[in-house]
1. Has the stretch 144-167 got any residue that is assigned to a helix (DSSP H, G or I), under 12 Å from Leu95 (Cα atoms) and either open to solvent by 50 Å² or more (accessible area, probe 1.4 Å) or among the polar types (S, T, N, Q) (or both)?
2. For the structure I just gave you, tell me whether Arg183 is within 21 Å of Ala47 (Cβ to Cβ) and open to solvent by 70 Å² or more (accessible area, probe 1.4 Å).
3. Identify all residues within the stretch 157-183 that are without any contact (Cβ under 8 Å) to a residue 60 or more places away in the chain, of a type in the set (A, V, I, L, M, F, W, C) and within 25 Å of Ala200 (Cα to Cα); write none if there are none.
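The values are calculated or read from the model by the stated rules, or taken from the named source; none is laboratory data. Computed from a prediction, not measured in an experiment: that's the story for all the values here. Cβ placement follows ideal geometry from the backbone for every residue including glycine, while neighbour counts extend to all protein chains displayed. Calculation scope for accessible area: heavy atoms of the full protein, side chains included, ligands and nucleic acids excluded. Shrake-Rupley method; radii C 1.70, N 1.55, O 1.52, S 1.80 Å.
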Amino acid sequence: MDQSHQPAPQPPRPHRPSLHADLTAVIDAAGGESPAARSEVAAATAAVVVSAGRRDGGDRFVELADRVGIDTLAELWKNADPVSLPGALWALYVLRQWCHSNGEEVRMLWRAGAGLAPADAVVAGLAEAADVDSVHQMADAVLGGVYGGDLDVALERAAALFRVVAVGRRELAGPDERGDAERALADRNERVAADLTTAARTWRAGTLH
(Lines give C-alpha, C1' and ligand atoms only; values in the text may rest on other atoms or scores of the structure.)
Protein backbone atom coordinates (compact mmCIF):
# COMPACT_ATOMS: atom_id res chain seq x y z
CA MET A 1 0.00 0.00 0.00
CA ASP A 2 1.26 3.45 -0.85
CA GLN A 3 2.18 5.02 2.49
CA SER A 4 2.42 8.53 1.00
CA HIS A 5 -1.35 8.98 1.23
CA GLN A 6 -1.68 7.87 4.83
CA PRO A 7 -2.75 10.64 7.24
CA ALA A 8 0.03 12.02 9.39
CA PRO A 9 -0.14 10.78 12.98
CA GLN A 10 -1.67 13.27 15.38
CA PRO A 11 0.45 14.42 18.30
CA PRO A 12 -0.87 13.27 21.67
CA ARG A 13 -3.10 15.73 23.48
CA PRO A 14 -1.38 17.47 26.35
CA HIS A 15 -2.31 15.97 29.69
CA ARG A 16 -4.03 18.36 32.04
CA PRO A 17 -3.91 17.17 35.67
CA SER A 18 -7.24 16.80 37.36
CA LEU A 19 -8.26 19.45 39.84
CA HIS A 20 -8.55 16.71 42.46
CA ALA A 21 -4.88 15.86 42.00
CA ASP A 22 -3.94 19.53 42.14
CA LEU A 23 -5.82 20.13 45.38
CA THR A 24 -4.68 16.99 47.16
CA ALA A 25 -1.07 17.77 46.18
CA VAL A 26 -1.44 21.18 47.79
CA ILE A 27 -2.83 19.59 50.96
CA ASP A 28 0.06 17.13 51.11
CA ALA A 29 2.57 19.93 50.59
CA ALA A 30 1.05 21.87 53.48
CA GLY A 31 0.93 18.92 55.85
CA GLY A 32 2.74 19.37 59.11
CA GLU A 33 3.52 23.02 58.54
CA SER A 34 2.60 25.89 60.82
CA PRO A 35 -0.94 27.24 61.08
CA ALA A 36 0.27 30.40 59.35
CA ALA A 37 1.52 28.38 56.40
CA ARG A 38 -1.74 26.45 56.17
CA SER A 39 -3.61 29.75 56.26
CA GLU A 40 -1.55 30.93 53.32
CA VAL A 41 -2.30 27.70 51.45
CA ALA A 42 -6.03 28.12 52.14
CA ALA A 43 -6.01 31.68 50.84
CA ALA A 44 -3.95 30.79 47.78
CA THR A 45 -6.07 27.80 46.76
CA ALA A 46 -9.30 29.76 47.27
CA ALA A 47 -8.01 32.53 45.01
CA VAL A 48 -6.94 29.97 42.38
CA VAL A 49 -10.34 28.23 42.46
CA VAL A 50 -12.25 31.51 42.05
CA SER A 51 -9.98 32.66 39.23
CA ALA A 52 -10.08 29.31 37.42
CA GLY A 53 -13.84 29.02 37.89
CA ARG A 54 -14.41 32.40 36.33
CA ARG A 55 -12.25 31.53 33.33
CA ASP A 56 -13.99 28.16 32.98
CA GLY A 57 -17.51 29.55 33.15
CA GLY A 58 -18.25 28.14 36.58
CA ASP A 59 -20.33 24.99 35.99
CA ARG A 60 -17.54 22.54 36.80
CA PHE A 61 -16.62 24.52 39.88
CA VAL A 62 -20.16 24.62 41.26
CA GLU A 63 -19.85 20.82 41.37
CA LEU A 64 -16.31 20.91 42.76
CA ALA A 65 -17.19 19.18 46.03
CA ASP A 66 -18.96 16.41 44.09
CA ARG A 67 -15.82 15.80 42.06
CA VAL A 68 -13.01 16.17 44.58
CA GLY A 69 -14.94 15.33 47.75
CA ILE A 70 -16.15 17.68 50.45
CA ASP A 71 -13.42 16.28 52.76
CA THR A 72 -10.76 17.56 50.37
CA LEU A 73 -12.20 21.07 50.57
CA ALA A 74 -12.54 20.72 54.34
CA GLU A 75 -8.82 20.00 54.69
CA LEU A 76 -8.08 23.17 52.75
CA TRP A 77 -10.67 25.62 54.02
CA LYS A 78 -12.70 24.42 57.00
CA ASN A 79 -10.45 26.01 59.62
CA ALA A 80 -9.98 29.29 57.77
CA ASP A 81 -11.21 32.55 59.25
CA PRO A 82 -14.94 32.73 58.39
CA VAL A 83 -14.42 36.29 57.12
CA SER A 84 -11.88 35.31 54.49
CA LEU A 85 -12.10 34.03 50.94
CA PRO A 86 -11.46 30.36 51.85
CA GLY A 87 -13.79 30.61 54.85
CA ALA A 88 -16.58 32.10 52.75
CA LEU A 89 -16.11 29.53 49.98
CA TRP A 90 -16.23 26.74 52.55
CA ALA A 91 -19.56 28.04 53.86
CA LEU A 92 -21.01 28.18 50.34
CA TYR A 93 -19.90 24.66 49.47
CA VAL A 94 -21.26 23.31 52.76
CA LEU A 95 -24.54 25.11 52.05
CA ARG A 96 -24.80 23.54 48.60
CA GLN A 97 -23.94 20.10 49.99
CA TRP A 98 -26.65 20.43 52.63
CA CYS A 99 -29.24 21.63 50.13
CA HIS A 100 -28.53 18.68 47.82
CA SER A 101 -28.25 15.97 50.47
CA ASN A 102 -31.05 17.21 52.77
CA GLY A 103 -33.25 19.14 50.38
CA GLU A 104 -36.46 18.15 52.14
CA GLU A 105 -35.20 19.48 55.48
CA VAL A 106 -34.13 22.76 53.85
CA ARG A 107 -37.50 23.03 52.11
CA MET A 108 -39.35 22.49 55.40
CA LEU A 109 -37.28 25.06 57.30
CA TRP A 110 -37.55 27.51 54.42
CA ARG A 111 -41.33 27.28 54.28
CA ALA A 112 -41.53 27.80 58.04
CA GLY A 113 -39.30 30.86 57.97
CA ALA A 114 -39.85 32.63 54.64
CA GLY A 115 -43.12 34.28 55.60
CA LEU A 116 -41.60 35.56 58.84
CA ALA A 117 -38.47 36.98 57.16
CA PRO A 118 -39.81 38.29 53.82
CA ALA A 119 -36.92 40.65 53.08
CA ASP A 120 -34.33 37.88 53.47
CA ALA A 121 -36.52 35.52 51.45
CA VAL A 122 -36.47 37.98 48.54
CA VAL A 123 -32.67 38.35 48.71
CA ALA A 124 -32.14 34.60 48.81
CA GLY A 125 -34.32 34.23 45.74
CA LEU A 126 -36.39 31.17 46.67
CA ALA A 127 -40.17 31.12 46.57
CA GLU A 128 -41.96 30.56 49.89
CA ALA A 129 -43.64 27.44 48.48
CA ALA A 130 -40.38 26.04 47.06
CA ASP A 131 -40.03 22.33 46.37
CA VAL A 132 -36.88 20.25 46.73
CA ASP A 133 -35.82 20.77 43.11
CA SER A 134 -36.07 24.52 43.62
CA VAL A 135 -33.86 24.21 46.70
CA HIS A 136 -31.22 22.38 44.63
CA GLN A 137 -31.40 24.97 41.85
CA MET A 138 -31.13 27.86 44.28
CA ALA A 139 -28.05 26.37 45.96
CA ASP A 140 -26.37 25.91 42.58
CA ALA A 141 -27.30 29.45 41.53
CA VAL A 142 -25.91 30.96 44.73
CA LEU A 143 -22.57 29.18 44.35
CA GLY A 144 -22.57 29.86 40.62
CA GLY A 145 -22.65 33.58 41.41
CA VAL A 146 -19.11 33.28 42.76
CA TYR A 147 -17.90 32.27 39.31
CA GLY A 148 -20.15 34.66 37.43
CA GLY A 149 -18.34 37.66 38.89
CA ASP A 150 -20.76 38.56 41.69
CA LEU A 151 -19.14 37.01 44.74
CA ASP A 152 -20.56 39.62 47.11
CA VAL A 153 -24.08 38.97 45.82
CA ALA A 154 -23.57 35.21 46.24
CA LEU A 155 -22.46 35.74 49.84
CA GLU A 156 -25.43 37.97 50.61
CA ARG A 157 -27.87 35.46 49.10
CA ALA A 158 -26.35 32.68 51.19
CA ALA A 159 -26.51 34.86 54.31
CA ALA A 160 -30.18 35.59 53.65
CA LEU A 161 -30.90 31.88 53.24
CA PHE A 162 -29.21 31.07 56.55
CA ARG A 163 -31.27 33.77 58.29
CA VAL A 164 -34.55 32.42 56.90
CA VAL A 165 -33.55 28.90 57.93
CA ALA A 166 -32.75 30.16 61.44
CA VAL A 167 -36.21 31.72 61.70
CA GLY A 168 -37.75 28.48 60.44
CA ARG A 169 -35.85 26.40 63.01
CA ARG A 170 -37.13 28.54 65.85
CA GLU A 171 -40.66 28.50 64.48
CA LEU A 172 -40.72 24.70 64.35
CA ALA A 173 -38.71 24.02 67.52
CA GLY A 174 -40.68 22.48 70.38
CA PRO A 175 -40.22 23.08 74.12
CA ASP A 176 -38.14 19.91 74.60
CA GLU A 177 -34.45 19.02 74.30
CA ARG A 178 -34.75 18.52 70.58
CA GLY A 179 -36.18 22.02 70.34
CA ASP A 180 -33.26 23.33 72.35
CA ALA A 181 -30.89 21.68 69.87
CA GLU A 182 -32.74 23.30 66.97
CA ARG A 183 -32.53 26.71 68.62
CA ALA A 184 -28.78 26.20 69.09
CA LEU A 185 -28.50 25.36 65.38
CA ALA A 186 -30.48 28.51 64.60
CA ASP A 187 -27.91 30.52 66.54
CA ARG A 188 -25.15 28.90 64.47
CA ASN A 189 -27.01 29.64 61.25
CA GLU A 190 -27.24 33.30 62.24
CA ARG A 191 -23.52 33.46 63.06
CA VAL A 192 -22.70 32.05 59.63
CA ALA A 193 -25.05 34.60 58.07
CA ALA A 194 -23.31 37.44 59.93
CA ASP A 195 -19.88 36.20 58.79
CA LEU A 196 -21.04 35.94 55.18
CA THR A 197 -22.51 39.44 55.30
CA THR A 198 -19.24 40.80 56.65
CA ALA A 199 -17.31 38.85 54.00
CA ALA A 200 -19.48 40.40 51.27
CA ARG A 201 -18.76 43.87 52.59
CA THR A 202 -15.05 43.06 52.85
CA TRP A 203 -15.01 41.76 49.27
CA ARG A 204 -16.56 45.00 48.01
CA ALA A 205 -13.84 46.90 49.87
CA GLY A 206 -11.24 44.79 48.08
CA THR A 207 -9.78 43.32 51.27
CA LEU A 208 -11.20 39.77 51.36
CA HIS A 209 -8.29 37.32 50.98
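1. Scanning the stretch 144-167, I find at least one residue that is assigned to a helix (DSSP H, G or I), under 12 Å from Leu95 (Cα atoms) and either open to solvent by 50 Å² or more (accessible area, probe 1.4 Å) or among the polar types (S, T, N, Q) (or both), so the answer is yes.
2. no
3. Ala159, Ala160, Val164, Val165, Ala166, Val167
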